Protein chains: 2
Amino acid sequence: MITANNPAIDQAQITKLLDHWATAIRARDIDARMSNYAPNVHLFDVVEPLQYVGAEAVRQRAANWLSSFDGPLAFEMHDLRIASDSDVAFSHSLNHVSGTKTDGQKLDMWWRVTICFRKMYDTWMVTHEHNSVPFNPESGKASLDLKP
Amino acid sequence: MITANNPAIDQAQITKLLDHWATAIRARDIDARMSNYAPNVHLFDVVEPLQYVGAEAVRQRAANWLSSFDGPLAFEMHDLRIASDSDVAFSHSLNHVSGTKTDGQKLDMWWRVTICFRKMYDTWMVTHEHNSVPFNPESGKASLDLKP
């Protein structure tokens with residue numbers, strides 16, 4: 001197969017997609033947050049279970065998470081790296097969120113994010129996403145207070 | 001840029017690389033395990049810290065892990081998916097390991113793996129790897145006993 005490839009355009013499109021998601025998270029807008037997921041996406045998320053398969057399962061998980069907060073969220077991506085070819089791309093970053101849960105608890109957390117993209121009908125779609133925090137092997141606890 | 005792309009060959013090369021790593025893990029062979037890491041690799045691992053940057057840091061972490069076991073390891077990749085274009089690729093899978101630690105403790109664990117590749121001088125090199133387990137939000141504990 002011979003393909004024409006413009007990395008600058010591809011990376012700009014992916015950056016725009018991630019910025020769109022960031023805006024959606026800050027506004028807790030589930031419809032905007034769900035843009036660009038492939039129907040058969042495989043999500044490895046910060047919390048159980050091992051994986052979520054399919055856009056509907058991902059939507060349910062994202063909706064539960066966004067509705068667990070009261071008011072807008074502060075959200076940023078740091079150390080973002082993007083690699084793209086004509087039809088396959090990936091990104092990774094360290095993301096930060098802070099906000100107030102509906103039970104009044106404050107959340108202020110960094111986590112690791114890897115996103116994998118396929119271009120489908122000229123649009124970058126996410127077929128795989130991996131969000132996690134590491135754990136401390138001595139306590140067995142998830143490490144929710146690490147900073148880069 | 002115009003590139004020739006043969007997905008079947010690329011996917012066969014990546015499968016061979018992952019099989020080579022699997023053999024290295026079973027044999028606890030750190031040199032074979034470290035093949036195909038790019039010098040500037042970013043690793044998000046199962047345990048702290050948030051990230052390891054550079055092949056030397058990744059080697060140290062892998063060596064510590066492999067040497068924490070006594071005897072060979074049982075290791076498999078399940079639900080492996082690979083997507084590749086001419087110069088960029090990614091894979092994800094659910095991996096399983098079991099073995100005996102040097103302190104006699106048995107380990108039998110599933111975790112999530114995402115691997116991101118760039119082709120450099122005709123060889124697939126890993127520029128990013130993300131290993132994790134999720135956690136249980138009620139206990140705050142890493143979920144080390146989940147099964148697919």
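The values are calculated or read from the model by the stated rules, or taken from the named source; none is laboratory data. Keep in mind that this is a model prediction, so the values were computed, not measured. A quick note on method: Cβ atoms are made from the backbone with ideal geometry, for glycine too, and the neighbour counts reach across all protein chains shown. Ligands, DNA and RNA are stripped out before the accessible areas are found, and what is left, the full protein with its side chains, is counted by its heavy atoms. Shrake-Rupley method; radii C 1.70, N 1.55, O 1.52, S 1.80 Å.
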In square angstrom, rounded to the nearest 10, how much accessible surface does B:M77 have for a 1.4 Å probe? 50
Under 20 Å, Cα to Cα: Lys pairs in the protein assembly as shown, sequence gap 8 or more or different chains: 14
Report the label-to-label distance for A:D31 and B:S68 in nanometres (one decimal), using points 7 Å from each Cα along the Cα→Cβ vector. 4.7
Report, to the nearest 10°, how far helix A:7-27 tilts away from the longest principal axis of the Cα atoms in chain A, using its own Cα long axis and a range of 0 to 90°. 30
Hey, with R₀ at 30 Å, roughly what FRET efficiency would B:S98 and B:K141 work out to, going by the Cβ-Cβ distance, to 0.05? 0.90
Where Rh is the Kirkwood radius over Cα pairs, Rg/Rh for region A:66-148: 1.07
Report which residues of region B:23-53 become buried by 20 Å² or more of accessible surface when going from the isolated chain to the complete set of protein chains (1.4 Å probe; DNA, RNA and ligands ignored). B:H42, B:F44, B:V46, B:V47, B:E48, B:L50, B:Q51
Computed for region A:46-122: size of charge dipole around the Cα centre, +1 on C-beta of each Lys and Arg, -1 on C-beta of each Asp and Glu, debye to nearest 20, value 60
Counting only heavy atoms of the protein chains, get the accessible area per residue of region A:1-108 (1.4 Å probe) and round it to a whole Å² value. 46
Out of the total accessible area of region B:1-141 (probe 1.4 Å, heavy atoms of protein only), what percent is carbon and sulfur? 53
So how exposed is A:Y52, as accessible area in Å² (1.4 Å probe, rounded to 10)? 40
Once you have the Cα-Cα distance between B:Q60 and B:K106, take 0.36 nm times their residue separation minus that, and quote the gain in nm to one decimal. 14.3 nm
On complex formation of A with B, accessible surface lost, both sides summed, probe 1.4 Å, nearest 100 Å², amounts to 4300
Which angle between 0 and 90 degrees, to the nearest 10, do you get for helix A:55-66 versus the longest principal axis of chain A when only C-alpha atoms count? 40
For chain A, set up a GNM with springs between Cα atoms under 10 Å and report which of A:Q105, A:Q11, A:Q51 has the largest fluctuation. A:Q105
Rounded to the nearest 0.05, FRET efficiency between A:N40 and A:K16 (Cβ-Cβ, R0 22 Å) equals 0.40
